[in-house]
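See below for the structure under consideration.
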Amino acid sequence: MKGDDSMNIVILSGSNVGSKTKVATEKAMEIMTKNNQDYEVTMLDLADYEMEFSDGRNYFEYEGDTKYVAETMMAADAIIIGTPIFQASIPATLKNVFDLLPVNAFLDKVVSIIVTAGTAKHYLIAEQQLKPILAYMKAHIVPTYVFIEEADFLREEIINDDVHFRLERLVEDTILNVEAQQIIREKLDEQYDF
Ligand SMILES: Cc1cc2nc3c(=O)[nH]c(=O)nc-3n(C[C@H](O)[C@H](O)[C@H](O)COP(=O)(O)O)c2cc1C
């Protein structure tokens with residue numbers, strides 16, 4: 001873990017419009033803070049920030065919100081990324097965050113995914129488009145993601161209990177994966193006598 005011993009978790013809502021992804025990530029935040037009070041949890045909702053487009057600079061050379069979002073992502077041990085599906089892909093706002101970060105940004109980080117979408121036909125978009133980017137950026141990806149459809153929401157609330165269970169499981173899996181990575185790193189350090 002970075003710096004001190006407390007786990008640093010970031011929950012990112014990857015769109016600057018709409019409400020469903022925000023609702024789903026806020027639910028994950030609620031579960032995370034209720035069950036893991038010792039951990040530092042930061043919510044980043046891209047709707048709250050004025051983000052510059054990536055122009056190839058190092059992430060710490062940006063200013064204001066762009067610098068804050070990029071540095072907060074870089075300091076995390078685990079990131080839960082919430083994203084809507086736009087045109088059979090991820091929104092440009094989320095892609096821009098990836099573009100702002102270095103290629104190895106997710107090395108030693110656990111990354112989990114929550115997707116909201118209009119149609120279940122796009123269930124595999126995260127598998128085909130989001131996971132390859134995360135893998136390229138060296139994330140330890142939690143394999144099972146939570147996919148939430150329009151029918152699971154009513155008036156800005158998740159009304160399907162199964163989605164709540166799946167979000168609880170995702171949060172638990174995220175924490176367990178960070179702890180497992182920590183044990184693996186300690187074993188490697190022992191092996192090489194660092
Ligand atoms: C520009 C745009 C494109 C979309 N494209 C798709 C799509 O290709 N597939 C899909 O399942 N839903 C699509 N949707 C629906 C959204 O993914 C869905 O409503 C999502 O839950 C919206 O989340 P939000 O309220 O956080 O924006 C699209 C919505 C918008 C606004």
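Any read-out appearing in this document is the output of simple, stated calculations on the displayed coordinates, not a laboratory observation. From a predicted model like this one, the values you see are computed outputs, not experimental measurements. Cβ placement follows ideal geometry from the backbone for every residue including glycine, while neighbour counts extend to all protein chains displayed.
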* To do: Report the relative contact order of the stretch 88-194, percent, no decimals, based on alpha-carbon pairs under 8 angstrom and at least 6 residues apart.
  => 29
* Can you tell me what the convex hull of the Cα atoms of the stretch 151-194 projects to on average, as an area in nm²? => 4.0
* With an 8 Å cut-off on Cα pairs and a minimum separation of 6 or more residues, tell me the relative contact order of the stretch 1-80 in percent. => 42
* To do: May I ask you to evaluate 6.51 cos²θ - 1.76 cosθ + 1.60, the Karplus curve with θ = phi - 60°, for each residue of the stretch 91-101 and list the ³J(HN,Hα) values in order in whole Hz, giving x for glycine and proline?
  => x, 4, 4, 6, 4, 4, 4, 4, 5, 6, 9
* **For the chain: relative contact order, % (alpha-carbon pairs under 8 angstrom, 6 or more apart)** => 22
* Which pairs in the list K67/K95; K34/K67; K27/K95; K34/K187 are over 26 Å apart, alpha-carbon to alpha-carbon? -> K34/K67; K34/K187
* Structure fact -> The ³J(HN,Hα) series, computed from each phi in the stretch 78-90 with the Karplus coefficients 6.51, -1.76 and 1.60 at θ = phi - 60°, rounded to the nearest Hz and given as x for glycine or proline, is 9, 10, 9, 9, x, 9, x, 9, 10, 6, 6, 7, 8
* Structure fact -> Using eta = 1.306 mPa s and T = 10 °C, Stokes-Einstein with Kirkwood Rh from Cα pairs puts D for the stretch 48-148, in µm² s⁻¹, at 113
* To do: Taking amide H positions as placed in the peptide plane 1.01 Å from N, state which residues far from M43 in sequence (5 or more) or on other chains have amide H under 5 Å from it.
  => I11
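To the nearest whole percent, what portion of all C-alpha pairs in the chain is separated by more than 20 angstrom?
Counting every Cα pair in the chain, those more than 20 Å apart make up 54 percent.
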* Relative exposure of D161, D65, D45, judged by other C-beta atoms within 10 Å (fewest first) -> D161, D65, D45
